[in-house]
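Asker: Before I ask anything, here is the structure I am working with.
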Amino acid sequence: MPAAMSDTGDHGLTAALLSPSKKPTNERLSIDDMLHRYTGEFGSWQLRHFVLTSLAWALEAFHTMVMIFADRELAWRCAPGQAGASCSHSTQMSMCGLEPTSWEWVGGSGSSTVSEWGLICDNKYLVGLVQSTFFAGCMVGAGVFGHLSDSFLGRKGSLTVVCIMNAITGSLTAFSPTYQAYIALRFLTGFSTGGVGLCAFVLATEPVGPSKRGAVGMSTFYFFSSGIAILSGIAYMFRSWRVLYVASSIPSILFLVAVIPFISESPRWYLIRGKINKAMNVMRSIAQRNGKHLPDGVMLALDEDINDKTSNGLHNKESTTGVLLVLDEDINEKTSNVLHDKESTTEAATGSLFDVIRSPVTRMRLFLTVAINLLCSVVYYGLSLNVVNLKTNLYLSVFLNAVAEMPAFILTAILLDRFGRKPLAIGTLWFSGLFCLVGSVVGNHGVWRVVRMVCGVLGIFGMAGTYNLLFMYTAELFPTVVRNAALGCASQAAQMGAIFAPLVVVLGGGLPFAVFGVCGILGGLFAFYLPETMNQPLYDTMAGLEDGANNVCRRA
């Protein structure tokens, strides 16, 4: 009898020990951990999603750079029968001061806004006003859509809205009856364009694992430069500014119809909004497309929840492995619903710029990234405007300028994960600033003119690398709940720099190069005070980021 009881007891004990193993392990992971361990950090799903989403950068290039061709100043000539005393093109460098009927535009007055509305001589500032107004619209739109994409619209929803607005306002610009209507529509186009890049960037990079995110994020700017190169060909074919605006807006319509339906919403946005089931569905799709397997018992959790659970486990429970296992009694009803594929929601994690400013960890990060983006933009757009002053073929110059930026993207992508974000940001800013300072002290005649031109090319080469890096760096500095809002602020600062850039260029001589050099050096000094983010988690919430920053400080 005791032996029988012993056998029964052993059997019962064995069953008790083995029965939990038949149930799926309830493992709570952050998105980064799930990407790394189960679904793949950058497989075929992420590649397809990245390419489709990043095509939006080409749309931004179309709507931004179209002004170079639409607002260009055409060549002019003396009107038939007017050559001589009333008009002498060989001695007159400008048509200002000539009788209006004594000269005419080459190619007709309808080729550009300048020729159609007479934006020359005393009215030449109106061309710069249009450009500044467009970037002012970008500045406002970046802030608005940065907030909306973090809140109820989401990344995909915001990208859809801005593309719809771009298609409408861009096409309507072609029918502007007056200069006043034209400048108003350019502001509205800028308002929507300001949200295109940041929404596309975040949507493309958030489903990518931490070890691949840097190189992938840096690659988004190839699409922007390619868009500029393609636009130069479109502008060459359509010489009328009105037809050009329609032609440059059609791709936005095609993107809405042929691309948007095949783009997925970010699983990180689903997670912070409490839509755990939808986030898990996206992660399952990633695993399946990448040829991986996501166990049924694994679920997503916000990093702050995992940190809290880890902290409690270290103090209250014994752990024999490095994996956080959640006991049955710790799993709430919402978790159970997820495991059984029922619709599950939790309280949405929210954040705003006020939270960023209130937090001592993110407040300084926001100030520094805003300042660096503004300084970088002054240099980038300022040096870009000098390309137009080369007095060469405009279409070829714009094409070559776009292609020349790509080696900088390649170089920064190669060095990004080798040296880190912070050293590379400092290096590219100082590289550009140094050559700009050299360009400010050399003359503008003879061989020194060539030296100054080379300094300008090297300056924009370095700043293009910085621009490419800053989006990735800024995105990693802030948690998901405020990431787009922070990127929106950085984009607003960049647009402000774009507004200032033409005002610097008109100073003439070596002063613009001196200003650009100081901006580059100062930007590098600001970057010294930013933390390194290479191979660091992409945090979901403010609490998770603060806990992570405090842990880094304690280890240091």
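The values are calculated or read from the model by the stated rules, or taken from the named source; none is laboratory data. Note that the structure is predicted; figures quoted are calculated from it, not measured. Cβ: placed from backbone, ideal geometry, glycine included. Neighbour counts: every protein chain shown. Note: accessible area is taken over every heavy atom of the protein model, side chains too, but ligands, DNA and RNA are not part of it. Shrake-Rupley method; radii C 1.70, N 1.55, O 1.52, S 1.80 Å.
Asker: Could you say which residue among A425, A485, A475 is in a helix (DSSP H, G or I), touching a His at 6+ places or on another chain (Cβ under 7 Å) and under 30 Å from I272 (Cβ atoms)?
Answerer: A485
Asker: Grab the helices (runs of 4 or more DSSP H) fully contained in the stretch 148-253, keeping just those with 3 or more residues being open to solvent by 50 Å² or more (accessible area, probe 1.4 Å).
Answerer: Of the helices (runs of 4 or more DSSP H) lying wholly inside the stretch 148-253, those with at least 3 residues that are open to solvent by 50 Å² or more (accessible area, probe 1.4 Å) span 154-173, 179-205, 221-237.
Asker: Still on this model: So which residues in the stretch 357-390 are open to solvent by less than 50 Å² (accessible area, probe 1.4 Å) and modelled with pLDDT under 80, if there are any at all?
Answerer: Those that are open to solvent by less than 50 Å² (accessible area, probe 1.4 Å) and modelled with pLDDT under 80: S384, L385, N386, V387.
Asker: So, one more: Just checking, how many residues over the stretch 204-229 are small (G, A, S) and more than 17 Å from I410 (Cβ to Cβ)?
Answerer: 4
Asker: Another question about this same structure. Between F399, F435, which is of a type in the set (F, W, Y), closer than 23 Å to T220 by Cα and either assigned to a helix (DSSP H, G or I) or modelled with pLDDT of 85 or more (or both)?
Answerer: F399
Asker: Looking at (1) of a type in the set (A, V, I, L, M); (2) over 18 Å from S491 (Cα atoms); (3) modelled with pLDDT under 90, which one does V202 not meet, given that it meets all the others?
Answerer: For V202, the failing item is (2).
Asker: Across the stretch 466-518, what is the number of residues that are more than 21 Å from the chain's Cα centre (by Cα) and not β-branched (V, I, T)?
Answerer: 12
Asker: Just checking, which of F50, F62, F69 is at pLDDT 75 or above and either open to solvent by 50 Å² or more (accessible area, probe 1.4 Å) or within 30 Å of T541 (Cα to Cα) (or both)?
Answerer: Just one listed residue meets the conditions, F50.
Asker: Based on what the data block shows, is S285 modelled with pLDDT of 90 or more and in contact with a Pro (Cβ under 8 Å, 6 or more places away or on another chain)?
Answerer: no
Asker: Can you give me the number of residues within the stretch 337-356 that are among the β-branched types (V, I, T), crowded, with 17+ Cβ neighbours inside 10 Å and modelled with pLDDT under 60?
Answerer: Adding up the residues that qualify gives 2.
Asker: Here's something else I'd like to know. When you look at T8, is it among the β-branched types (V, I, T), at pLDDT below 85 and outside any helix (DSSP H, G or I), yes or no?
Answerer: For T8, the condition - among the β-branched types (V, I, T), at pLDDT below 85 and outside any helix (DSSP H, G or I) - is not met.
Asker: Here is a list of conditions, (1) under 24 Å from A498 (Cα atoms); (2) open to solvent by 60 Å² or more (accessible area, probe 1.4 Å), and V450 meets all of them except one; can you say which number that is?
Answerer: (1)
Yes/no matrix, rows are residues, columns are (1) β-branched (V, I, T); (2) buried (at least 23 other Cβ atoms within 10 Å of the Cβ):
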residue	(1), (2)
I426	yes, no
L429	no, yes
C436	no, yes
G439	no, yes
V442	yes, no
F461	no, no
G465	no, yes
Y473	no, yes
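Asker: Just wondering, is there one or more residues in the stretch 407-422 that are crowded, with 16+ Cβ neighbours inside 10 Å, modelled with pLDDT of 90 or more and in a helix (DSSP H, G or I)?
Answerer: The answer is yes; a qualifying residue exists.
Asker: Checking the structure you have, find out if any residue of the stretch 16-23 is over 22 Å from the mean Cα position of the chain (by Cα), open to solvent by less than 70 Å² (accessible area, probe 1.4 Å) and at pLDDT 50 or above.
Answerer: no
Asker: Okay, moving on. What about S132, is it more than 19 Å from K278 (Cα to Cα) and of a type in the set (S, T, N, Q)? So that I can check it myself, show each step before the final result.
Answerer: Values: more than 19 Å from K278 (Cα to Cα): yes; of a type in the set (S, T, N, Q): yes.
When the stated conditions are applied, S132 passes them.
Asker: Same structure again: Residue under question is V361, and the condition is that it be more than 26 Å from S226 (Cβ to Cβ), in contact (Cβ under 8 Å) with a residue 40 or more places away in the chain, touching a Cys at 6+ places or on another chain (Cβ under 7 Å) and in a helix (DSSP H, G or I); does it hold? If you could, list the steps in order and put the result at the bottom.
Answerer: Values: more than 26 Å from S226 (Cβ to Cβ): yes; in contact (Cβ under 8 Å) with a residue 40 or more places away in the chain: yes; touching a Cys at 6+ places or on another chain (Cβ under 7 Å): no; in a helix (DSSP H, G or I): yes.
The answer is no for V361.
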